[in-house]
1. Taking the criterion of being outside any helix (DSSP H, G or I), loosely packed, with under 15 Cβ neighbours inside 10 Å, in contact with a helix residue (DSSP H, G or I) (Cβ under 8 Å, 6 or more places away or on another chain) and at pLDDT 85 or above, would at least one residue in the range 91-105 satisfy it?
2. Give me the pairs, please: first residue somewhere in the range 118-133 and in contact (Cβ under 8 Å) with a residue 12 or more places away in the chain and on the phi > 0 side of the Ramachandran plot, second residue anywhere and part of a loop (DSSP other than H, G, I, E, B) and surrounded by 12 or more Cβ atoms within 10 Å (Cβ to Cβ), beta-carbon distance under 7 Å, and either six or more positions apart or on two chains.
3. Identify all residues within the range 106-145 that are part of a loop (DSSP other than H, G, I, E, B) and at pLDDT 80 or above; write none if there are none.
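The values are calculated or read from the model by the stated rules, or taken from the named source; none is laboratory data. Values in this document were obtained by computation on a predicted structure and should not be read as measured data. Ideal geometry is used to build each Cβ from the backbone, glycine not excepted, and the neighbour counts take in all protein chains shown.
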């Protein structure tokens, strides 16, 4: 019985050591990937615009005089609520595109969370929050003990 258990453990170690844990290359986004529109789906989008959007989507949220102003890859949206529809449209075209939400420091955290929730609800799995390095705090001399 003991030799059989030894053989099973050796086989287990062999299969674990030789298995590949990398993602299949054909699933990784690349510059040569072409998306085919589904039959009966939305109208085809300009290839240059689609390629630019599918690299990554940067959502900047600025504070404006009338509330939050949202920019998606450099194009301003008319209202903050339009961001939800933009995420749904983006999920239909390519659901694996990374979305980076970059809020200004003055933006309320509730709006950032709402934008994050809209992206996840739309079916976008890779949603990230951009961070800024904090300015170093200088401690006046003589205050530390």
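1. Checked against the condition, which is being outside any helix (DSSP H, G or I), loosely packed, with under 15 Cβ neighbours inside 10 Å, in contact with a helix residue (DSSP H, G or I) (Cβ under 8 Å, 6 or more places away or on another chain) and at pLDDT 85 or above, the range 91-105 yields no hits at all.
2. That search, which allows pairs on different chains as well, returns 123/95.
3. 106, 107, 108, 123, 124, 125, 126, 130, listed by residue number.
Yes or no, residue by residue, for (1) modelled with pLDDT of 55 or more; (2) touching a helix residue (DSSP H, G or I) at 6+ places or on another chain (Cβ under 8 Å):
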site: 36; (1), (2): no, no
site: 44; (1), (2): no, no
site: 59; (1), (2): yes, yes
site: 65; (1), (2): yes, no
site: 83; (1), (2): yes, yes
